[in-house]
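Worksheet for the structure shown next.
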Amino acid sequence: MSHASDCPEPLVLHEQPAPGVALLRLNRPKARNALNMALREELAAQFRRLDACPDTRAIILTGSPTVFAAGADLSEMVDATALELYARHAERRWQAISGCRKPVIAVVNGFALGGGCELAMHCDVIIAGESARFGQPEVKVGIMPGAGGTQRLLRAVGKFQALRLLFTGVQFTAGEGLRMGVVSEVVPDAQTLTAALAMAVAIAAMPPIAVAQIKEVVLAGMDLPLEQALTLERKSFQLLFGSYDQKEGMQAFLQKRTPEYLGL
């Protein structure tokens, strides 16, 4: 006979705190939310599902009040060979997050180190509690970041800060992250989810096609020459004039009423 307690606890908890807003919580408390392959697979599955869900307009990703994610699970890596790591294709799990068309807000309390810092940087906005700590300490265990930690950090803070952090593995505070440009907003620890939810609710009220186009153009354009990026922006701007929401938004503004966006 099976019992409810026989069922393993989900590694990612899903809530809907407001209409159009999904909240995902990492749930490996005993391992400080270390990112083992099972957690990465479950997280990727959640992101694929929410990306395809027309009722989801913004996603919040968080850990616990004391740790976002302490890094990769080294017990799964310590004896691995290069070919074994290649065969795992961990990048496919990460791509489910980076390729998500919905806005993703990371809420970081406590530590976001190694893979945890990389996970936060896969998101579009990072809201950090005042006591949050970030870092890419992989060099201290004989390796380097392998899930975007060098390239995303470089694009966020520039060469000289990125190499300082990567060479030394030193942690940096939420305030330092804000000054360097890798953190969007710093709030008191107890208010991180409240701030993220307010932002997510505001985003969810916006026209979803326009929001998706903004995300697509920013992410694609950041690595393009300026003229090509401006062309991409212009075409996306023009495309939105074929949407119902553009007509609704402009008419509502002229008529001094609240628009109702349908994602059409």
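The values are calculated or read from the model by the stated rules, or taken from the named source; none is laboratory data. Quantities reported herein were computed from a predicted structural model and do not represent experimental measurements. Cβ: placed from backbone, ideal geometry, glycine included. Neighbour counts: every protein chain shown. For the accessible areas, the whole protein counts, side chains as well, though only heavy atoms, and no ligand, DNA or RNA atoms are used. Shrake-Rupley method; radii C 1.70, N 1.55, O 1.52, S 1.80 Å.
Would you mind finding the one in Gly158, Gly129, Gly169, Gly181 that is at pLDDT 95 or above and within 16 Å of Asn33 (Cβ to Cβ)?
That would be Gly129, the only listed residue that is at pLDDT 95 or above and within 16 Å of Asn33 (Cβ to Cβ).
Could you tell me whether the stretch 205-219 includes any residue that is open to solvent by less than 60 Å² (accessible area, probe 1.4 Å), more than 25 Å from Ser98 (Cα to Cα) and either basic (Lys, Arg) or modelled with pLDDT of 95 or more (or both)?
No - not one qualifying residue is present in the stretch 205-219.
Counting only residues that are assigned to a helix (DSSP H, G or I) and under 19 Å from the mean Cα position of the chain (by Cα), which one in the stretch 177-193 is nearest to Pro137 (Cα to Cα)?
Gly177
Please determine, by comparing only the residues of the stretch 27-83 that are within 19 Å of the chain's Cα centre (by Cα) and among the hydroxyl-bearing types (Ser, Thr, Tyr), which one is nearest to Ile209 (Cα to Cα).
Of everything passing the filter in the stretch 27-83, Thr56 is nearest to Ile209 (Cα to Cα).
Which one of these is closer than 21 Å to Arg32 by Cα and of a type outside the set (A, V, I, L, M, F, W, C): Glu84, Glu138, Glu91?
Glu138
Search the stretch 141-167 for residues that are closer than 23 Å to Arg88 by Cβ and pair each with any residue that is surrounded by 14 or more Cβ atoms within 10 Å (Cβ to Cβ) and among the charged types (D, E, K, R) when their beta-carbon atoms are under 6 Å apart and the residues are at least 6 apart or on different chains.
Pairs found: Met144/Glu138; Pro145/Glu138; Ala147/Glu118; Gly148/Glu118; Gly149/Glu118.
Okay, residues lined up against (1) open to solvent by 40 Å² or more (accessible area, probe 1.4 Å); (2) of a type outside the set (A, V, I, L, M); (3) out of contact with any Cys (no Cβ under 7 Å at 6 or more places or on another chain); (4) at negative phi:
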| residue | (1), (2), (3), (4) |
| --- | --- |
| Gln136 | no, yes, no, yes |
| Gly149 | no, yes, no, yes |
| Val157 | no, no, yes, yes |
| Phe160 | yes, yes, yes, yes |
| Phe172 | no, yes, yes, yes |
